[in-house]
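Here you go, one structure.
The values are calculated or read from the model by the stated rules, or taken from the named source; none is laboratory data. Keep in mind the model is a prediction, meaning the values are calculated, not measured. Heads up, the Cβs are rebuilt from the backbone with ideal geometry, glycines too, and the neighbour counts pull from every protein chain shown. Heads up: the accessible areas ignore ligands, DNA and RNA and are worked out on the full protein's heavy atoms, side chains in. Shrake-Rupley method; radii C 1.70, N 1.55, O 1.52, S 1.80 Å.
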6 protein chains.
Amino acid sequence: MHTSRNDDAAGTREERFERGMAVLTSVDGEAGRRVVEGLADIHPELAHQIVAWGFGEIYSRPGLPPRDRQLVTLGMLTALGGCEPQLEVHLNAALNVGLTPTEITEALLHSAAYCGFPKALNATFVARRVFGERGLLPVGEH
Amino acid sequence: MHTSRNDDAAGTREERFERGMAVLTSVDGEAGRRVVEGLADIHPELAHQIVAWGFGEIYSRPGLPPRDRQLVTLGMLTALGGCEPQLEVHLNAALNVGLTPTEITEALLHSAAYCGFPKALNATFVARRVFGERGLLPVGEH
Amino acid sequence: MHTSRNDDAAGTREERFERGMAVLTSVDGEAGRRVVEGLADIHPELAHQIVAWGFGEIYSRPGLPPRDRQLVTLGMLTALGGCEPQLEVHLNAALNVGLTPTEITEALLHSAAYCGFPKALNATFVARRVFGERGLLPVGEH
Amino acid sequence: MHTSRNDDAAGTREERFERGMAVLTSVDGEAGRRVVEGLADIHPELAHQIVAWGFGEIYSRPGLPPRDRQLVTLGMLTALGGCEPQLEVHLNAALNVGLTPTEITEALLHSAAYCGFPKALNATFVARRVFGERGLLPVGEH
Amino acid sequence: MHTSRNDDAAGTREERFERGMAVLTSVDGEAGRRVVEGLADIHPELAHQIVAWGFGEIYSRPGLPPRDRQLVTLGMLTALGGCEPQLEVHLNAALNVGLTPTEITEALLHSAAYCGFPKALNATFVARRVFGERGLLPVGEH
Amino acid sequence: MHTSRNDDAAGTREERFERGMAVLTSVDGEAGRRVVEGLADIHPELAHQIVAWGFGEIYSRPGLPPRDRQLVTLGMLTALGGCEPQLEVHLNAALNVGLTPTEITEALLHSAAYCGFPKALNATFVARRVFGERGLLPVGEH
């Protein structure tokens, strides 16, 4: 049922956390670290699992590169709705791993056909804030 | 598969945008225009499609009058959840096209049976803000 | 906080059930009765509350006519997703209270702009089955 | 179809409201009362139904104790998404009826496996605010 | 940020899978094992993570007993919608860990107030199938 | 607000439909055509809009290649829930535009962290059927 391919998923709890923290930092940068720190007094175990499992074990798998993962993630967060804080983190991540502002806005326009305009708009206004903070406005129609 | 009935859907990109802008303005008024303008630096193409397609081609179809469209829309936005900004625009639109405050609150009470109280409450508190801005509080139980 | 306007909401548990059953039968017909009967061995109390509260107390309120309630309901059930059994009941109800097949398909096209094509398609294929059973296909583009 | 077991569901509209208000106050305390009062000018009938039906008839049923109801409710509000205001009320309620902060955070970690990390995080940050207001931070990993 | 309390989360990939499989079998029984086996040719890694992480690391945590976890899970699966296959597994699990049929139907009635009748009905009809297979119908109103 | 860049969006209703049909056929193949044909007697206008707008105007935009669009779409359909028929079409499309079975299952595993296991499982079992029909099982962990 399970293979030994992903051997680096084994290890102590500490090692798995460290492995995940490296992935999280490379993808989400400061924004990701702030989410983890914001959980310190309310739910350190949730923070541990996001880092050790979400990033250390899932995100780090080699079968899908980070840019592809962000495309899937943008689609999911837009469709779920109500995930504006996570969209903010992952729109930053999307830029960090190589998606261009135009590719991101194309993905959001694409999402309108599948999730409808309201959710596409909500995600787009988060993108507006993130892009603005990074000096990426206006997005050119290049 | 497709008919030529809706011939006015044809035309140049400009013409389709103008047609949609007329519908959007008549239904949503200033609030709708502000959404479109808010997209200018982040996603003008999304704004174009909302106007040219959403309003110019869908909303403008004669088979369902604007008042009926707003009832369907209120139901959808309440059920989707997390669409408070769009509810604000469309509650204004609902009033603009002839729904009374009492009809709207009845629709929201009705939504509680299908979506549960939490989503009905979220939508109702948006209505409270919109009605308050338009001097329509308290809503009478006439 | 609460008025005595809706006095007929008072009464014994039996009376409230009877009042709701009359509304349910007039709106949903046989399909609604089948849902209630299908709950007899698993959850008679849920059946009671749907009938006595949902129909006897909410649906029966005079502030919004049945046709308007079905428009809101179509919007909600399409947006929620995964509610095909309830859509089947309420598409029948929609026809029962006077919505035409064309008005219903217009509402479903309208829903595509707010919920996206997948949910609009799911609801439309339920409508195809309901309309087919009632000899209403093909729906004309009149 | 329906039994006479739950006879106390009968009564006048006033009596049903009073019965529900007693349950709501015992479970939700001040937070619940504020929601009801906040509806006074926009939708007193919705307030009535939440109290008389939601609390007076559903919540008060003896088949499931209040602590169990809050566990189900936490799961639902986390999964629905966009229900942060209701989560705030019900996290207070959860503490009121005997759930410990650690049990609540365990439930939220558990929710990550079923709803994903974004919704678990949104609910957790509401818990952080509620627990902080009640002097319950940091939550110990006891 | 993270503690060493949950040391048994460490270990080889094999050990973590075995630990999870023991929890899954004790909670979900045959139904859970069938889900895992059904993934063998399409996604063994997803099966591994459900078992090793979902059950081995999350479900097995001592802070919330299995009965409480099933109450939260029932709430989530009902609220998410479209999760009938998972509801079937977890309604069996709920019975396995000590929830009675009446407690489960009370939880589903409770869910109607938070998620609306359609989702409560969908979940209830899954319960009808599961209870029927286990000879638990009719559910008494004891 | 809008540019003339996308001039080919202009044209007659017929031209726009033809343009979209070419895109739909190249991406979705037979499965897409069957959806369109299945709408002929219930909602030809919805079919027209899916083709002319969804494919002719949105999908065909050059800013995001088809493979990237399918990654976003997989994320959205998995997150929305209840969209198994659309997932079937788009998993075929995903394979048609160059995503490998392993990339797709990686995306579905990734989705578990954001949408939870139930929705990831639902999507995975659709993938099992689609991959099976195309002789792509078992998916190797290469």
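Quick one: putting +1 on the C-beta of Lys and Arg, -1 on the C-beta of Asp and Glu, what dipole do you get for segment C:65-135 around its Cα centre, in Debye to the nearest 20?
40 debye
Got a number for carbon plus sulfur as a percent of segment C:10-61's accessible area, 1.4 Å probe?
Result for segment C:10-61: 57 percent of the exposed heavy-atom area is carbon or sulfur.
Got a sec to turn the phi values of segment E:60-77 into Karplus ³J(HN,Hα) couplings, 6.51 cos²θ - 1.76 cosθ + 1.60 with θ = phi - 60°, whole Hz, x for Gly and Pro?
So the J values, rounded to whole Hz, are 7, 5, x, x, 9, x, x, 4, 5, 4, 5, 5, 4, 5, 4, x, 5, 5.
Another question, then. Give me the percent of accessible area attributable to carbon and sulfur for segment A:80-141, probe 1.4 angstrom.
52 percent
Turning to a different aspect of this structure: Between rounded, prolate and oblate, where does the protein assembly as shown land on the alpha carbon gyration tensor, with a ≥ b ≥ c its root eigenvalues, rounded for a/c under 1.5, else prolate if a/b exceeds b/c?
rounded
Taking 0.36 nm per intervening residue step and subtracting the Cα-Cα distance, what contour gain separates residue D:22 from residue D:102 on full extension?
Going from the current span to full extension adds 26.0 nm.
Further, regarding this structure: Just report the Cα centroid separation between segment A:80-97 and segment F:102-139, whole Å.
23 Å
OK, next. Rounded if a/c is under 1.5, else prolate if a/b beats b/c, else oblate: with a ≥ b ≥ c from the C-alpha gyration tensor eigenvalues square-rooted, which is segment A:68-120?
It comes out oblate by the Cα gyration axes.
Follow-up question, since we're still on this one. Calculate the dipole size of chain C relative to its Cα centre from +1 charges on Lys and Arg beta carbons and -1 charges on Asp and Glu beta carbons; express the result in debye to the nearest 20.
The calculated dipole for chain C is roughly 260 debye.
Ballpark to the nearest 100 Å², how much total accessible area do E and F bury together, probe 1.4 Å?
1700 Å²
Hey, in the GNM for chain B with a 10 angstrom Cα cutoff, which one of B:131, B:117, B:17 fluctuates hardest?
Comparing B:131, B:117, B:17 in the GNM, the peak value goes to B:117.
What are the ³J(HN,Hα) values, in whole Hz, obtained from phi via the Karplus relation 6.51 cos²θ - 1.76 cosθ + 1.60 with θ = phi - 60°, for each residue of segment D:96-111 in sequence order, with x given for Gly and Pro?
Taking θ as phi minus 60°, the curve returns 4, 9, x, 6, 8, x, 5, 4, 5, 5, 4, 4, 6, 5, 4, 5 Hz for segment D:96-111.
I'd like to check one number: the per residue accessible area of the protein assembly as shown, probe 1.4 Å, reported in Å² as a whole number.
Value returned for the protein assembly as shown: 30 Å² of accessible area per residue.
Comparing D:18, D:106, D:88, which has the greatest mean-square fluctuation in the GNM of chain D with Cα pairs linked when under 10 Å apart?
Looking only at D:18, D:106, D:88, the largest GNM fluctuation is found for D:106.
Further question on the same structure: Taking θ = phi - 60°, what integer Hz values does the Karplus form 6.51 cos²θ - 1.76 cosθ + 1.60 yield along segment C:21-26, in sequence order, with x for Gly and Pro?
Per residue, the Karplus-derived 3J(HN,Hα) values read 5, 5, 5, 4, 5, 5 Hz.
Specify the residue with the greatest mean-square fluctuation among E:42, E:50, E:58, computed from a Gaussian network of chain E linking alpha-carbon atoms under 10 Å apart.
E:42
Would you mind calculating the relative contact order of chain D from Cα pairs under 8 angstrom and at least 6 residues apart, reporting the percent as a whole number?
For chain D, the relative contact order is 22 percent.
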